[in-house]
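What follows is calculated from the coordinates using simple rules that are stated; it is not laboratory data. Just so it is clear, the model here is predicted, and its values are computed rather than measured. Don't worry about glycine lacking a Cβ; one is built from the backbone with ideal geometry, like all the others, and counts go over all protein chains shown.
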Amino acid sequence: QTPAHRLHQKIVQGDAEGILPLVEALLAEGWNGLKIIEEVISPALGKVGDWYEDGTYFLPQLLMAAEATQEAFAAIKKALPGSDETSRGTIVMATVKGDIHDIGKNIVSVMMENHGFRVVDLGRDVPAETIVEAAQREGAHLIGLSALMTTTMQQMEQVAALLKTAGMAIPLMVGGAVLTQGYAESIGAVYAPDAVQAVKTAKRLLG
Ligand code: B1M
């Protein structure tokens with residue numbers, strides 16, 4: 001079994017032990033952090049989500065998989081080159097109110113920092129008002145929102161509406177498993193399906 005297989009298994013089984021050496025082995029084989037996320041971690045979490053949905057897994061297993069993922073992500077983050085450049089602009093990032101899924105948002109935040117953006121990460125379960133206030137205070141050039149549930153995705157509309165009321169013309173980028181291009185367009189936001197596209201979109205929007 002390759003380290004990639006074993007890492008996949010560990011995430012699916014929610015086994016946080018021994019993750020670090022597997023990530024290190026993959027990095028030594030020439031994988032970069034993003035490839036590990038996109039080709040191993042995300043598919044493993046997708047499987048966990050499917051099993052949760054069909055009743056094979058319950059909440060504790062979902063939690064354990066998330067914890068194993070945090071381990072892997074911490075190891076990946078350590079290995080990322082980092083950037084001294086912070087001149088590309090400021091991005092205020094948040095997972096919307098009612099939603100505590102933050103793995104994807106954290107990945108996007110780290111990628112943005114790596115590409116020279118200053119990221120103000122407000123965390124998860126963040127009310128629309130807090131997001132708009134922070135954007136104003138921080139002089140944000142872009143607001144990035146993540147939502148993983150059909151029930152919380154609607155919060156993005158609230159942010160868009162508040163921005164409009166406040167007369168703030170800051171572009172809004174949205175992402176997360178349940179999001180679609182159509183929904184993003186309907187609230188006047190730009191959709192990014194993954195972290196790579198998120199960086200590309202931010203670069204395009206902030207020139
Ligand atoms: Co929950 N969960 N969960 N969960 N969970 C989902 C989302 C679910 C789809 C599982 C399922 O049923 N199949 C389902 C939602 C169903 C729906 O609404 N359609 C669900 C549910 C129901 C729940 C609870 C309600 C369960 C319960 O309590 N009964 C509960 C919700 C609590 C709450 O939020 N109020 C819950 C809890 C949890 C845990 C805490 C156990 C844990 C989260 C831990 C954490 O995040 N700290 C968890 C997990 C791990 C998942 C799954 C398995 C994996 C999510 C994940 O991290 N994916 C998920 C199943 C699935 O998604 N298939 C599921 C990996 C991550 C890298 O992907 O976040 O999509 P993602 O991010 C990607 C892109 O989408 C994009 O880039 C990232 C990297 O490529 N992206 C952006 C994301 N944000 C972006 C922002 C951008 C641009 C791109 O611009 C700003």
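Once you reduce the stretch 145-201 and the stretch 31-68 to the center of their Cα atoms, the two points are 24 Å from each other. Dipole check for the stretch 48-206: with +1 at the C-beta of Lys and Arg, -1 at the C-beta of Asp and Glu, and the Cα centre as origin, the magnitude is about 580 Debye.
How tilted is helix 42-53 with respect to the longest principal axis of the chain? Cα atoms for both, answer in degrees (0 to 90, nearest 10). Tilt relative to the chain: about 90 degrees. Highest-first packing order for the peptide set 36-49, 87-100 is 87-100, 36-49, based on the mean count of other beta carbon atoms within 10 Å. For the chain, the longest principal axis of the alpha carbon atoms and the long axis of helix 195-206 meet at an angle near 20°. As a rough guide to protection, the peptides 153-161, 17-25, 141-149, 174-182 ranked by mean Cβ packing within 10 Å, highest first, stand as 141-149, 153-161, 174-182, 17-25. Normalised by 2.2 N^0.38 Å, where N is the number of residues, the C-alpha radius of gyration of the stretch 14-84 stands at 1.19.
Less than 5 angstrom separates the built amide H of V96 from those of D125, V126, S146, all sequence-distant by 5 or more or on a different chain.
Pairing the Cα long axis of helix 3-13 with the longest principal axis of the chain, what angle in degrees results, from 0 to 90 and rounded to the nearest 10? Taking the Cα atoms of the chain, the angle to 3-13 is about 70 degrees.
Taking a ≥ b ≥ c as the square roots of the eigenvalues of the alpha carbon gyration tensor, the stretch 41-80 is oblate, as a/c is not under 1.5 and a/b does not beat b/c. Quick check on the stretch 61-147: take the gyration tensor over C-alpha atoms, sort the square-rooted eigenvalues as a ≥ b ≥ c, and tell me if it's rounded (a/c under 1.5), prolate or oblate. It comes out oblate by the Cα gyration axes. Of the peptides 192-202, 103-113, the ranking by mean beta-carbon count within 10 Å, highest at the top, reads 103-113, 192-202.
Across the chain, Cα-Cα pairs more than 20 Å apart make up 57 percent of the total.
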